[in-house]
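Undergrad: Here it is, the structure in full.
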Amino acid sequence: MVLPRLPSIRELIKLYGLSAKSQLSQNFILDKNITDKIVRCAALSEVTPLVVEVGPGPGLLTRSILDAGVKNLVAVEKDDRFQPTLKQLAEASEDRLKVIQGNMLELSHQAIFDKAQLQPTTTTTTTTTTPHIMGNLPFNIATPLLLQWLHMLAGRQGLFGLSPKGAGMTLMFQKEVGDRLVAKESTGHRGRLAIMAQSLCDVREVYHVPATVFVPKPKVDASVIQLIPRANLMDDQQGAYLTLENVLRYYFTKRRKTVGHITRRLMKEMPQSKEVVAELEELLDFKARPEDLTTEEFCQAAKLLHRHSIITLPL
């Protein structure tokens with residue numbers, strides 16, 4: 001299912017007078033060897049039921065995804081300047097590629113299902129493969145998009161309801177954001193984002209992309225981060241995930257304090273929490289600081305609080 005010979009991305013950029021818009025945080029990769037490597041990291045193939053690419057731009061990563069044999073690819077692109085190149089690629093792919101012009105942050109996932117001719121109730125419940133989301137994400141929306149997707153994964157909503165295992169993600173972030181996502185406990189980048197992602201997914205950096213491969217060259221390198229849904233750490237995952245988010249916000253806004261100090265403050269601000277403090281002390285190291293706790297420890301604390309209907313914590 002190899003694509004026919006097409007003009008190079010460089011040629012198309014020149015032909016259509018395309019340029020990266022700084023206000024949209026656009027940077028192009030023009031070396032297909034790199035996009036091929038990124039796709040190999042995602043282990044895509046002809047049996048992958050659906051791939052959604054966010055922000056394809058002129059379509060180089062799109063070509064690599066199609067060359068991997070993917071039969072059902074939906075590309076979501078906000079910038080209408082790229083529609084001619086993407087439509088040309090869709091025709092060359094014999095309709096394996098479908099293009100939606102829209103903002104992924106605002107787009108209904110039902111629009112993606114409709115474009116892909118899939119429905120959550122009739123798709124991959126009996127297969128071992130899962131849908132996959134990919135993208136060289138615009139840096140200004142990368143973190144909000146991921147947070148939105150994590151909420152949907154916790155509730156098995158939208159794209160994350162197509163398979164019992166959810167959907168995998170292989171996404172490009174600024175190096176600093178990538179470091180925050182993979183950060184382990186007691187390291188400098190450890191914070192809320194790492195724990196929220198790691199509570200639902202196995203998270204790892206699969207590829208380091210130097211700034212020199214982008215056009216125009218950004219000020220920072222990028223990281224390709226893979227997030228694969230993991231077995232549930234929490235019962236009532238959607239509700240417990242919301243509680244976890246509130247717990248992390250409360251503890252990490254006071255990250256210079258010890259866990260014990262923060263917990264005792266919570267007890268004063270929320271008297272109803274007194275009944276669980278003894279149990280929290282068994283779960284957590286009260287002498288540690290928030291960044292020293294493991295993801296599993298925070299999940300267990302969130303599960304305990306959620307079980308006692310302590311969901312919303314003070315700001």
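Undergrad: Could you pull out the longest piece of the chain with no exposed loop GluC sites (Glu not before Pro) in it, calling a site exposed if DSSP puts it outside H, G, I, E, B and it has at most 13 other Cβ atoms within 10 Å?
TA: 107-315
Undergrad: Another question, then. How long is the chain along each principal axis, judged by its Cα atoms, biggest number first, in Å?
TA: Sorted from largest, the Cα extents of the chain read 67, 45, 28 Å.
Undergrad: From the phi of every residue in the range 263-277, what ³J(HN,Hα) in whole Hz does the Karplus formula 6.51 cos²θ - 1.76 cosθ + 1.60 yield, where θ is phi - 60° and glycine or proline is x?
TA: 3J(HN,Hα) across the range 263-277, in whole Hz: 5, 5, 5, 4, 4, 6, 7, 10, x, 5, 7, 4, 5, 10, 4.
Undergrad: Further, regarding this structure: List the trypsin sites (Lys or Arg not before Pro) within the range 185-293 that fall in a DSSP loop (any state other than H, G, I, E or B) and whose Cβ has at most 11 other Cβ atoms within 10 Å.
TA: Lys219, Arg256, Lys287
Undergrad: Rounded, prolate or oblate: pick one for the range 237-307, where a ≥ b ≥ c are the square roots of the eigenvalues of its C-alpha gyration tensor, a/c under 1.5 means rounded, and failing that, prolate if a/b is larger than b/c, else oblate. Don't jump to the answer; show the numbers that get you there.
TA: Numbers: a/c = 1.39, a/b = 1.12, b/c = 1.24.
Rounded, since a/c falls under 1.5.
Undergrad: In this model, which of Lys219/Lys257; Lys219/Lys303; Lys37/Lys78; Lys71/Lys219; Lys98/Lys303 are farther than 32 Å apart at the alpha-carbon?
TA: Lys219/Lys257; Lys219/Lys303; Lys71/Lys219; Lys98/Lys303
All of the numbers you see were taken from the coordinates with simple rules; none came from a lab. The model shown is predicted, which means the values in this text are computed figures rather than measured ones. All Cβ positions, glycine included, derive from the backbone under ideal geometry; neighbour counts span all protein chains shown.
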